[in-house]
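Here's the structure we're looking at; comments come further down.
The values are calculated or read from the model by the stated rules, or taken from the named source; none is laboratory data. Since this is a predicted model, take the numbers as computed values, not measurements. Don't worry about glycine lacking a Cβ; one is built from the backbone with ideal geometry, like all the others, and counts go over all protein chains shown. These area figures cover heavy atoms from the full protein model, side chains too; ligands, DNA and RNA do not enter into them. Shrake-Rupley method; radii C 1.70, N 1.55, O 1.52, S 1.80 Å.
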Amino acid sequence: MAKIRHIALTTENPAKAAAFYEKAFGMEIIRKSDNGAVFLSDGYINLAILNWKTEKDADVGPNGANYNGIHHIGFQVDDLDEAIDNLEGADGKQLSTREGLDPAMAATGPRNFEMKWAGPDDVVIDISHTGWTTSA
């Protein structure tokens, strides 16, 4: 069974939102990206606080650009091929390619490797066989 290991929010001010989750819930900041995104964790779930999406992003999502709120969820899967087959069988819509999603790449840095899909209501779903960082 796939497990939810990642939730992403989009906001105009990722640093401000991250400070809220850190202070209110004791979440730990585990990484900050050059583009302003902040990644936190409770030790189990990776919470990404991302900048607003734009119309240019393949995963802009059903709420459109400049949306504040939950943008997508991520499932860690044991077998990427099986997950792809299951998503295709459930009429999922592929938003990004599988290119570069080699499990050996996970050892090269702190980033996970994920594919982006959409469900029946265009809600964005990530699938990853390498998972998301949950500690600093």
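Taking region 14-100 and the strands (runs of 3 or more DSSP E) fully enclosed by it, the elements with 1 or more residues that are without any contact (Cβ under 8 Å) to a residue 40 or more places away in the chain, open to solvent by less than 40 Å² (accessible area, probe 1.4 Å) and in contact with a helix residue (DSSP H, G or I) (Cβ under 9 Å, 6 or more places away or on another chain) are at 38-41.
Okay, residues lined up against (1) closer than 25 Å to SER96 by Cα; (2) among the hydrophobic types (A, V, I, L, M, F, W, C):
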| residue | (1), (2) |
| --- | --- |
| PHE20 | no, yes |
| PHE39 | yes, yes |
| PRO62 | yes, no |
| GLN76 | yes, no |
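Determine whether region 96-104 contains at least one residue that is modelled with pLDDT under 90 and β-branched (Val, Ile, Thr). Within region 96-104 (the criterion being modelled with pLDDT under 90 and β-branched (Val, Ile, Thr)), the answer is yes, since at least one residue qualifies.
Yes or no, residue by residue, for (1) under 13 Å from the mean Cα position of the chain (by Cα); (2) at pLDDT 95 or above; (3) among the polar types (S, T, N, Q):
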| position | (1), (2), (3) |
| --- | --- |
| ALA24 | no, no, no |
| ALA37 | yes, yes, no |
| ALA48 | yes, yes, no |
| LYS56 | no, no, no |
| PRO62 | no, no, no |
| ILE73 | yes, no, no |
| VAL77 | no, no, no |
